[in-house]
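The values are calculated or read from the model by the stated rules, or taken from the named source; none is laboratory data. These numbers were taken from a predicted model, which means no experiment stands behind them. Glycine also receives a Cβ, built like all others from the backbone with ideal geometry; neighbour counts cover every protein chain displayed.
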Amino acid sequence: MNVLPGTVAELLYLVAAVCFVLALKGLSSPRGARRGNLIGAAGATLAVATVLLSTEFEGANLAVVLGAVGVGSVVAVPAARRVKMTEIPQLVAVFNGVGGGAAALVGVVELAEWSGTGGHVATTATAFAIFVGSTSLLGSLLTFGKLQGTVSARPIVVPGAGPVLVLALLAGLALAVGVALTGQVWLGVALLALGLAFGALLVLPVGGADVPIVISLLNAFTGLAVAASGWAMGSTMLLVAGTLVGAAGTILTIAMATAMGRSVTGILFGALRGGSTAGSTQASDRPVRRAQAEDVAITLAYASRVVVVPGYGLAVAQAQHTVAELVTALRARGVDAVYGIHPVAGRMPGHMNVLLAEANVPYELLVEADDVNAAMPATDVVVVVGANDVVNPAARTDPAAPIYGMPIINADEAGQTIFLKRSMRPGFAGIENELLFAERTQVLFGDAKESLAAVVGALKEV
């Protein structure tokens, strides 16, 4: 099926690489995210088509390749179209793990094809791809399980986890050296198995709010594994794409850790010294000031400035359209109502931005945490919708709290705080929020969408 000359194929690969760069540029802003996604998809489609049209397949190999593409499309397209907004991080984790696993399997296949005759540079890159790719595979599947609830969100620490993790890494390095020097397939298979074990040992001790950051880190791992595969196979396209994914994942991991006031090493190894989040779900029985929808409507109607802080609970309730209706109604009454967006509200950076974009919320109404905090003392009411950890003062006041040091939205500095909560269970970090029990705080219990609809209805009567 080799119908494209080599120079044309290389030119098309260059176009695809430019598409990937433009895609990342678009994804850096909510305004350009949709366009960036489309450009990236177009680049990937072009790259796949170029491979098919410029490669001389032997025997039934073309049928196998097309069959694999078909199976992948049949599985992935319905999954992506049906996934709920609240489950996007899980989908990212699965897709990321599949990419890492593919890089590892390609490495093993390459070793089999070379039969010990591959150059040391190629076998070294292949060993890296196998170990890192398999680590990303099982690690990503476990993060999926933790977010989905099929694996405990609490840190799972096996006896002697620290030394075992170090030994697994050293054994992986030794096997990688063996693969690099000999190119033996059985060593590659052993390295793949050890990479899977290392991925489990790395991810199981991570708990609670740290999981999304690990997803981003594993995404970087997958990118690096793909880049190494590209180096070993002489594929510029894989090398460029993998490098871009690896760089983007690394940058995102660091940005998320910084936003939470955590170090990446603390996130990965905190549970080994008792410092990781636990993800408790035990509800508090302490009394709070309960509010009714009518009370909340009156409070908001006579406020001058209102900040709505959305969180994961808003996504679960699919209440983005209702909260947008509330803010629109308030602004129509002359209230300066905006959204306070914390960078790690929800499960991934940009989660709230995308959610509110679905409701056609003007981008200028989405105010970042630093800017919101600057005007918080002059804010009359903060409405916290399904968020908890990102407004928890323990991040500033309690050194023992797992979120201590994380920058938060200072809702406690506003005149009043209204929490919309389904229950008194803690947030994803698994700790109580003392702001719930403050004198100037009221709690409106119920499904966020239903509660907001009731407030909007009552506001029309004020």
* Of the criteria (1) in a helix (DSSP H, G or I); (2) more than 23 Å from Leu218 (Cα to Cα); (3) touching a helix residue (DSSP H, G or I) at 6+ places or on another chain (Cβ under 9 Å); (4) not basic (Lys, Arg), which one Leu4 fails -> (1)
* Could you tell me which residue of the range 26-47 is farthest from the chain's Cα centre (by Cα), considering only residues that are at pLDDT 90 or above and either within 17 Å of Thr243 (Cβ to Cβ) or among the β-branched types (Val, Ile, Thr) (or both)? => Ala47
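Counting residues that are in contact with a strand residue (DSSP E or B) (Cβ under 6 Å, 6 or more places away or on another chain) and of a type in the set (Val, Ile, Thr), which strands (runs of 3 or more DSSP E) fully inside the range 306-414 reach at least 3?
It comes to 381-385.
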* When you look at Pro402, is it crowded, with 21+ Cβ neighbours inside 10 Å and over 20 Å from Val338 (Cα atoms), yes or no? -> yes
* Among the listed residues Gly36, Gly70, which satisfies the condition of being in the same structural domain as Phe20 (by TED's automatic domain parsing) and surrounded by 14 or more Cβ atoms within 10 Å (Cβ to Cβ)? -> Gly36
* Looking at (1) under 25 Å from Gly446 (Cβ atoms); (2) modelled with pLDDT under 85; (3) not basic (Lys, Arg), which is the one condition that is false for Val384? -> (2)
* Do we find that Pro5 is modelled with pLDDT under 85 and more than 22 Å from Gly230 (Cβ to Cβ) in this structure? -> no
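For Leu105, are the conditions met, namely being in the same structural domain as Leu175 (by TED's automatic domain parsing) and either among the hydrophobic types (A, V, I, L, M, F, W, C) or touching a strand residue (DSSP E or B) at 6+ places or on another chain (Cβ under 6 Å) (or both)? Break it down stepwise before answering.
Values: in the same structural domain as Leu175 (by TED's automatic domain parsing): yes; either among the hydrophobic types (A, V, I, L, M, F, W, C) or touching a strand residue (DSSP E or B) at 6+ places or on another chain (Cβ under 6 Å) (or both): yes.
When the stated conditions are applied, Leu105 passes them.
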* Structure fact -> If we keep only residues of the range 433-462 that are surrounded by fewer than 20 Cβ atoms within 10 Å (Cβ to Cβ) and in a loop (DSSP other than H, G, I, E, B), then the residue modelled with the lowest pLDDT is Val462
* Inspect all residues belonging to the range 57-76 and state whether any of them is under 21 Å from the mean Cα position of the chain (by Cα), among the small types (Gly, Ala, Ser) and at pLDDT below 90. => yes
* Asked: Would the range 242-254 turn up any residue that is in the same structural domain as Leu111 (by TED's automatic domain parsing), modelled with pLDDT of 85 or more and crowded, with 23+ Cβ neighbours inside 10 Å?
  -> yes
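Here's the yes/no breakdown for (1) at positive phi; (2) β-branched (Val, Ile, Thr); (3) touching a residue at least 40 places away in the same chain (Cβ under 8 Å):
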site: Leu366; (1), (2), (3): no, no, yes
site: Val383; (1), (2), (3): no, yes, yes
site: Gly430; (1), (2), (3): yes, no, yes
site: Leu435; (1), (2), (3): no, no, yes
site: Asp447; (1), (2), (3): no, no, yes
site: Leu452; (1), (2), (3): no, no, yes
* Show the residue pairs that are 6+ apart or on different chains and have beta-carbon atoms under 6 Å apart, the first residue being within the range 392-413 and closer than 20 Å to Val306 by Cα, the second being buried (at least 19 other Cβ atoms within 10 Å of the Cβ) and of a type in the set (S, T, N, Q). => Asn392/Asn433; Asn410/Asn373; Ala411/Thr417
* Asked: Looking at the range 16-33, which of its residues are more than 22 Å from Gly350 (Cα to Cα) and exposed (fewer than 15 other Cβ atoms within 10 Å of the Cβ)?
  -> Val18
* If you check Ser451 against the conditions, is it out of contact with any helix residue (DSSP H, G or I) (no Cβ under 9 Å at 6 or more places or on another chain) and not charged (D, E, K, R)? -> no
* Hits in the range 194-218 (condition: assigned to a loop (DSSP other than H, G, I, E, B), at pLDDT 85 or above and touching a Pro at 6+ places or on another chain (Cβ under 7 Å)) -> Pro205
* To do: Answer yes if at least one residue in the range 406-416 is at pLDDT below 90 and surrounded by fewer than 21 Cβ atoms within 10 Å (Cβ to Cβ), and no otherwise.
  => yes
* Asked: Among the listed residues Ala23, Ala47, Ala33, Ala16, which satisfies the condition of being assigned to a helix (DSSP H, G or I), touching a residue at least 60 places away in the same chain (Cβ under 8 Å) and closer than 23 Å to Leu366 by Cβ?
  -> Ala33
* Name the residues in the range 146-164 that are under 28 Å from Leu187 (Cα atoms) and free of Cβ contacts under 8 Å to residues at least 60 places away in the same chain, would you? -> Val158, Pro159, Gly160, Pro163, Val164
